[in-house]
Amino acid sequence: MVIHKYDVYRSPNVGLFTRTNDKTLLLPFGFADTKTKRLKEYLNVEEIIYVSIAGTRLMGPMTVMNNNGILLPSTVSDEEIQILKQ
């Protein structure tokens, strides 16, 4: 396993703002392109989805995700679900 040190929004709490499985990386809208490219390379994922979850940019505490699916809070909007389904 390769280890990378990283920060998101100048915070060491990378798990608050990101969520990933073997194929997909969820990032908040407006996430910097240069940081997105770097994370995609580090994590070797195929797909990046920019989304909010329940109106927040907190992917980590608001989702549970593996290669079979994703669990979302009941407060997630229909629009956010549609973005994830694309």
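Some values worked out for this structure:
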{"read-out": "DSSP bridge orientation in the stretch 14-85 - percent antiparallel, rounded to nearest 5", "value": "60"}
{"read-out": "Residues whose placed amide H lies under 5 Å from that of R19, excluding near-sequence neighbours", "value": "L26"}
{"read-out": "Dipole-positive endmost among I49, V76, L16 within the chain (Cβ charges, Cα centre)", "value": "L16"}
{"read-out": "Nearest-20 debye value, the chain charge dipole, Cβ charges on Lys, Arg, Asp, Glu", "value": "320"}
{"read-out": "The chain, helix-only ellipticity at 222 nm - DSSP H runs n ≥ 4, -39,500 (n - 2.57), divided by all residues, nearest 500", "value": "-7500 deg cm²/dmol"}
{"read-out": "Alpha carbon centroid spacing (whole Å) that separates the stretch 68-86 from the stretch 33-62", "value": "14"}
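Throughout, read-outs are computed from the coordinates displayed, never taken from laboratory work. What you are looking at is a predicted structure, and each value in this text was computed from that prediction instead of being measured. Ideal geometry is used to build each Cβ from the backbone, glycine not excepted, and the neighbour counts take in all protein chains shown.
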